[in-house]
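Colleague: Could you have a look at this structure, given as structure tokens, before my questions?
Nothing in this text is a laboratory measurement; each read-out follows from the coordinates by a stated rule. Note that the structure is a prediction, hence the values are computed from the model and not measured. Cβ sites come from the backbone with ideal geometry, for glycine too, and all protein chains shown count toward neighbours.
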Amino acid sequence: MRALAFGCALALLSLTASADYSGHPRAWLLLQNLKADYDFSDEEIADVKQSLVAAQRVPQLVEFEQKAKEKTLDWPSYRAIHINDANIQRGLDFMQANAETLARAEYDYGVPPELVAAFLGVETKFGTFAGNHRVLDALTTQGFEHPTRSAFFFSELTEFFALCREFGFSPPAVLGSYAGAMGYAQFMPSNYRRLAIDFDGNGIRDLWAAPDAIGSIGNYLVRYAGDAGYQRGAPMIVRARLKSGVPQGVPVNPKKPSHPFAELEKLGITAEVELPPDEAVGLIELPSADGRREYWLGLHNFFAVMSYNPRTFYAMAVAQLSEALHRASVASR
């Protein structure tokens, strides 16, 4: 399977240290959970212990997670990384090469080709960089040592061992992001197990293959968040106009819609296009380093995009790259 080659991780060896996490105080809980909740046999538990012995401690990965670009850059700087002429052209090329698969994903899930492509563009530059960190190292280091999110990564480490058993992966061989996300679509282990699909019909759910990544993104957006999932044909964002700043009591950059549009209108927030009074919206604020602020209204599908990554900059980059790809695709016909 592509991207599982071991050699790409060699560049990090000078930054790693053998940890033997099998002796960590919480290792017993991991093994207990795998045995009780995932029905791991004694032989499989022994294999997990060996993987914990082989895991490398890479504290730099914790720093990467804490200083992710969507947390540390201003909006224009973050936007420029993902929405630029080169990435748009790569996106057009990807859409052309995978037109039939993208069309089938839209038919099945209602997610347009340009939006699926935008996820892949922001996540992995359309599969050209799916990560060169050992997922085992990323999840053990952060699952046992992250100062604020260890519970999340510990849970994903447990899911990772279940994933490896189900798919026949060797835990030390799987490569991914600094956070342990995998494949073109950058699914964490729990979502790989639950939401990745075999979209090319070859019997393997392979997120390092474009067809499965495309179908899995559509499946994720529709099914991850239940009723809050992606709605076919609905818009994502509308530019907002504020009469006199953000009104008191109106949250900025919420994780879900906060008000019916009519309520925000009464408070002096309008949209550049007409919206139904009962449309559920959230106010999005995008700051620049010079103090300026750009405002949008996030609609239902914007927050469905946020289910993939809850960072506002991330979701806005996906939304705006999707629009750019749509315009470029129409212009190229």
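Colleague: In Å and whole numbers, how far do the C-alpha atoms of the chain stretch along each principal axis, longest first?
Modeller: 63, 45, 37
Colleague: Something else about it: By count of other Cβ within 10 Å, fewest leading, how are Arg57, Arg194, Arg292 ordered?
Modeller: The fewest-first ordering by Cβ neighbours comes to Arg292, Arg194, Arg57.
Colleague: Within 13 Å, Cβ to Cβ, of Trp296, how many net charges do the neighbouring residues add up to if Lys/Arg are +1 and Asp/Glu are -1?
Modeller: 0
Colleague: Let me ask something else. Among Trp208, Trp28, Trp296, whose mean-square fluctuation peaks in a Gaussian network model of the chain (Cα, cutoff 10 Å)?
Modeller: Trp28
Colleague: For a footprinting-style exposure proxy, rank Thr72, Thr158 by other Cβ within 10 Å, fewest first.
Modeller: Thr72, Thr158
Colleague: I want to make sure I understand the PRE zone here: with the label point 7 angstrom from the Cα of Ala289 toward its beta carbon, which residues in the range 81-118 have backbone N atoms less than 15 Å away?
Modeller: Hits in the range 81-118 for Ala289 at 15 Å: 81.
Colleague: Straight-line reach from Lys71: which lysines fall under 19 Å, measuring Cα to Cα and dropping same-chain residues less than 8 apart?
Modeller: Within the straight-line limit of under 19 Å, Lys71 reaches these lysines: Lys255, Lys256.
Colleague: Estimate the FRET efficiency between Asp198 and Gln89 by the formula 1/(1 + (r/R0)^6), using the beta-carbon distance for r and 41 Å for R0, to the nearest 0.05.
Modeller: The pair Asp198/Gln89 has a calculated efficiency of 0.85.
Colleague: A further question follows. Check cross-link reach from Lys266 to the lysines: straight Cα distance under 19 Å, and skip same-chain residues fewer than eight apart.
Modeller: Once the sequence-local lysines are set aside, what remains near Lys266 is Lys243.
Colleague: May I pose another question? List the longest stretch of the chain that has no exposed loop site; here a site is one of the GluC sites (Glu not before Pro) assigned by DSSP to anything other than H, G, I, E or B, with at most 14 other Cβ within 10 Å.
Modeller: On the way: sites that count: Glu272, Glu274.
Longest run free of exposed loop sites: 1-271.
Colleague: Considering only DSSP beta bridges with both partners in the chain, what is the antiparallel share in %, to the nearest 5?
Modeller: On the way: 19 of 20 bridges.
For the chain, the DSSP antiparallel bridge percentage is about 95.
Colleague: Then there's this: Computed FRET efficiency, Cβ-Cβ of Ala97 and Gln50, R0 45 Å: what is it to the nearest 0.05?
Modeller: On the way: r = 41 Å, r/R0 = 0.90.
It comes out at approximately 0.65.
Colleague: Ok, one more. Please give the FRET efficiency for Val252 paired with Ala36, using the beta carbon to beta carbon distance and R0 = 35 Å, rounded to the nearest 0.05.
Modeller: 0.25
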